[in-house]
Amino acid sequence: MDYGFIKVAAAIPHVRVADCFYNIQQMEGLMREAARKEVQIMAFPELAITAYTCMDLFSQETLLRNAEKALLDLVNATADLDVLAIVGCPLVSGNQLINAAVAFQRGEILGVVPKTYLPSYKEFQEERWFTASPNLQQTSIQIGNREVPMDCYLLFEYEQVRIGIEICEDLWVPIPPSSELSMQGANLIFNLSASNELIGKHAYLRSLVSQQSARCICGYVYTSAGFGESSTDLVFAGNGIIAENGTILKEAERFSMEEQLVISEIDIQNLQNDRRVNTSFMQGYLNHNMANGSIIPFCLPNRVLNLTRTIDPHPFTPSGDALKERCEEIFHIQVAGLAKRVLHAHASTAVVGISGGLDSTLALLVTVMTFDALKIPRDRIIGITMPGFGTTDRTYTNACDLIRALGVTLREISIKEACIQHFKDIDHDKEVHDVTYENSQARERTQLLMDVANQTNGLVVGTGDLSELALGWATYNGDHMSMYGVNASIPKTLVRYLVEWVAYNKLDEIARPTLLDIVDTPISPELIPADEQGNIQQKTEDLVGPYELHDFFLYHFLRYGNSPAKIFYLAKQAFKGSYPEETIKKWLHTFFRRFFQQQFKRSCLPDGPKVGSISLSPRGDWRMPSDAMATLWLQEIENL
């Protein structure tokens, strides 16, 4: 496998009803096309060798005998291919007929999975012809001169990959076979289907596939009968859907009159990580007596896959139609958390340090929304701007303009004289712009905020974000500390989106230009004096690297437990054309070095609301010793 990715396909061939040998010709063509496109595992629709709509022809010996012969011909004709194929075919088992999924590879039939649930209501009449798997008398089946294992709980295994199979109606019942298969280890489910179209049914089907892939923490490949099936009473649209843990990766074009091959990659490593992390996943299996299926080995060729699925360079940020809904939800979570803390603390005011940068702007916006929700006048929010040695006219003006535009109480408290006195007290040369020079300013600002909060029976609202916490880009007991950190689960790339979204959707024309200028301002702690032209000289991303890279690294490291090598592989795909490989590697090394070194700052974080799937709170989401070594991770990067 290539970093855990398996290339799969849902195949929708042309079919002619009851014309088995025509049908296998189309299937062979799609198999060869799939092999050329590096597909490793593929599935065809339910009963594809005969077509699903044969009805009482399924009781005809001629059809059944030729269906078996056509199946064997297809197996033999594709013996030169490495692809594992799963096809639908009616098969005779003793005195019974089964609706079967047949798995084969390199000329060998590996196993047969019979359909478990047979619909016999409304337009479906499958019990008229077929026997459901629980009622079968045999555990193997004769196909030609081959004796093949037969069970609805067969698992096809290669290294980390375990494949389970279900057929159409099996998905629609309260407890699908795939649920049990997943608890037995299946992380990739194939569903061979022949589901007809009805108004509204497709939306429900997509929901079923998506939800089952999420519930089972698996990859789910669904392929259904298309054009060519009999339209006597039913119409088939040719649905092909590939989903992974609740996300639909790829879909077929519905109602197409052409054959289709829907291809994507399933990330088995990520799925296995999610199952290990979710310790509830196996409890149902351990608490119930479930039938154990047989393990059947198969092989996958060693090759470097060319990914067709999109790797999102900004995994934290919403896009498209989801933007408005996601932003609204994020603000609701932040506001609800802060509102509870304000009420519980009986706070009369909220104190926010406003720098004219993104983080403090977002914190102020959340605080304003919270006070509005609690029906507390906005003037009881104290926005404090604290100009220092590095404050520029641009950020100072934006800070003051924003506070006034929002109707918040403005206080200006310069930290320059206090810091100069402090430098004298500790005998530090104020012309030496080292870490002491910088951190003294950050701690002075935090002390001012805390003291004003005490004066006004207030609550200091923290401004630091998730990205800064990951990199340790905060002064310990300075901007690192607050009474409630509303941005603690918001990464820097998302902060920018949220502020911009508010500018266009929540504020009037007066405040909008200020917010948009804040969005365009270079990210900086402004602890070093500006240049001769009064511009920001200390730019964070010049020092620690682009936040869009660090947020990408953070997401894949914490969300999926990915190794540095895999993160590098994904980053090259996601940022192709934006960053050279050496640049990505350089900042990846910086990320892991700083992440391990700076854990001590995260071990004593103030409270703050968890917003997304990733948080660094030491009280639940991320518990790590402050003295852990990054050696293994850094060595892996150096060997890339």
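The values are calculated or read from the model by the stated rules, or taken from the named source; none is laboratory data. Everything quoted here is computed from the prediction, not taken from an experiment. We place every Cβ from the backbone using ideal geometry, glycine too, and count neighbours over all the protein chains shown. Heavy atoms of the whole protein, side chains included, go into the accessibility calculation; ligands, DNA and RNA do not. Shrake-Rupley method; radii C 1.70, N 1.55, O 1.52, S 1.80 Å.
What the table below lists for this structure:
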read-out: Whether segment 23-154 is rounded, prolate or oblate, judged on the alpha carbon gyration tensor where a/c under 1.5 counts as rounded; value: prolate
read-out: Relative contact order %, the chain, counting alpha carbon pairs below 8 Å whose residues are six or more apart; value: 11 percent
read-out: From phi via Karplus (6.51, -1.76, 1.60), per-residue ³J(HN,Hα) for segment 565-574 in Hz, x at Gly/Pro; value: 5, 6, 4, 4, 4, 5, 5, 4, 5, 6
read-out: Per residue solvent-accessible surface (Å²) - the chain, probe of 1.4 Å; value: 42 Å²
read-out: With every protein chain in place, segment 372-437: carbon and sulfur % of accessible area (1.4 Å); value: 48 percent
read-out: Solvent-accessible area, 1.4 Å probe, carbon plus sulfur percent, for segment 1-77; value: 49 percent
read-out: Disulfide-incompatible cysteines by the Cβ rule (no partner under 4.7 Å) in the chain; value: 20, 54, 89, 152, 168, 299, 327, 400, 419, 604
read-out: Segment 159-306: Cα Rg divided by the 2.2 N^0.38 Å rule of thumb; value: 1.10
read-out: Anisotropy class of segment 251-342 from Cα gyration tensor, a/c 1.5 cut; value: oblate
read-out: Sulfur and carbon atoms: percent of accessible area, segment 146-201 [1.4 Å]; value: 59 percent
read-out: Peptides ranked, highest mean first, by Cβ atoms within 10 Å: ranges 603-613, 570-580; value: 603-613, 570-580
read-out: Förster-model FRET efficiency, 45 Å R0, residue 324 and residue 128, C-beta, rounded to 0.05; value: 0.35
read-out: Translational D in µm²/s for the chain (Stokes-Einstein at 25 °C, 0.890 mPa s, Kirkwood Rh from C-alpha pairs); value: 88 µm²/s
read-out: Amide proton proximity set for residue 249, modelled H, under 5 Å, gap of 5+; value: 242, 243, 244
read-out: Burial ranking of peptide ranges 505-517, 229-241 (average Cβ count within 10 Å, highest at the top); value: 229-241, 505-517
read-out: Distance violations [Cα-Cα > 24 Å] among 572/610; 566/586; 7/492; 430/586; value: 572/610; 7/492; 430/586
read-out: Degrees separating the helix 547-560 axis from the principal Cα axis of the chain, which is the longest one; value: 50 degrees
read-out: Descending semi-axes in whole angstrom, ellipsoid equivalent of segment 362-496, from the Cα gyration tensor; value: 26, 18, 14
read-out: Nearest-10 value in Å² for the accessible area of residue 124, using the 1.4 Å probe; value: 30 Å²
